[in-house]
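Before any comments, here is the structure.
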Amino acid sequence: MIQSMTGYGKAELNLKNANFTIEVRSLNSKQIDANVKMSSIYRDKEIGLRKLLSEKLKRGKIELSIWRESSDSNVKYTLNTDLIKEYHQQILELRKELGTNSNAFTMKSFEADIIPTLLKMPEAMIKGEDKTDENEWEEIAKGIDIAIGNILQFRLDEGEKLDADITARINKLSTSLVDIAPFAKERIEKVKKSLAEKLAVIDTKNIDENRFEQELIYYLEKQDITEEQVRLNTHLSYFIETMKTDAPNGKKLGFIGQEIGREINTIGSKSSDAEMQKIVVEMKDELEKIKEQLLNIL
């Protein structure tokens, strides 16, 4: 059964020290292209996650995002004292350059006012670094499995819709192939009649009858589309069979689609009849719509 390459899966975890939101997105791509976004404290897990995504999702442009929100209200901060002192020294030098009155009272007041400002300066406070917790990662890994499971189900659901649409279009091609048969047969009869009428007014005394007959048969065979009809019908049946096989089968369906296109084009090149050409145009239109859908199949 076919699967869509696009999909979305999500999982949420509420752990003791943090809450996690895990999202997996996929878009169509010729190959597997996995990207992981997460906190730097888990960077050692990235290679393993990329391998997991490749094994589970097979193909597509994949993005795994792991968002961590700390639930610990007692987050530790430390003062960046060296930087604060530097800020303070620069402010004192600026005050001196501006010639501000520096008596004891104003200096005391100035120091009291400047401290809150110093604490608000960039990077004056340093947040304590998060540390990895293997028990926490085990829960995250379970959440990743849940998100991947969700995206796989999403792909299956979308695949059912694609299956229905493509099957309907393949059936239309089969119907068109049946519709074109009577016109093809009538066209050959018209060609034979036209040739007979032209031969009636030609002096055939100096014509090699054997060679002439061979050329006539060759010409009629070049106009006949029986072989193309048989091959196209075979390709359409094979396409439906391939759709029912286990995914990934998108590339194989694409190759079969190319063969279907070749047969339709050949029939079109041999179709001198206006009604046949109309049917061929409709077949080409349906095939293009099928090809567009195939780009999104795993």
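Derivation of every value follows stated rules applied to the coordinates shown; laboratory data play no part. All values reported here derive from a predicted model rather than from experimental measurement. A quick note on method: Cβ atoms are made from the backbone with ideal geometry, for glycine too, and the neighbour counts reach across all protein chains shown.
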Rounded to one decimal in nm, the spacing of the 7 Å Cα→Cβ label points at Leu15 and Trp137 is 1.0 nm
By counting other Cβ atoms within 10 Å of each Cβ, how are Leu13, Leu94 ranked from fewest to most?
Leu94, Leu13
Where does the charge balance sit around Glu63 when Lys and Arg score +1, Asp and Glu -1, over other residues with C-beta under 10 Å from its C-beta?
+1
Pull up all non-local amide H partners of Val36: gap of 5 or more, or a different chain, and H-to-H distance under 5 Å with H placed in the peptide plane.
Leu64
By its C-alpha gyration tensor, with a ≥ b ≥ c as the square roots of the eigenvalues, how is the range 232-298 shaped: rounded for a/c under 1.5, else prolate for a/b larger than b/c, else oblate?
prolate
To the nearest 0.05, what FRET efficiency results for Leu98 and Tyr77 with a Förster distance of 35 Å applied to their C-beta separation?
0.60
Would you tally the net charge around Leu232, using a Cβ to Cβ cut-off of less than 12 Å, leaving Leu232 out, and scoring K and R as +1, D and E as -1?
-2
Charge tally in the Cβ shell below 9 Å around Val24, where Lys, Arg are +1 and Asp, Glu are -1, Val24 excluded
0
Taking the Cβ-Cβ separation of Glu292 and Thr245 as r and a Förster radius of 25 Å, what is the calculated FRET efficiency to the nearest 0.05?
0.70
Gln223 versus Arg50: modelled label distance in nm, points set 7 Å from Cα along the beta carbon direction:
6.2 nm
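If I stretch the segment between Gln90 and Glu282 completely, what's the gain in nm (0.36 nm per residue apart, minus their alpha carbon distance), one decimal? Each step should come with its number before you reach the end.
Values: separation 192, 0.36 × 192 = 69.12 nm, distance 7.89 nm.
Contour length minus the Cα-Cα distance gives 61.2 nm.
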Whose amide H sits under 5 Å from the amide H of Ile297, counting only residues 5 or more places off or on another chain, with H placed in the peptide plane?
Met5
Using a basic spin-label model with each label point 7 Å from the Cα along Cα→Cβ, how many nm lie between Met125 and Ala168?
5.9 nm
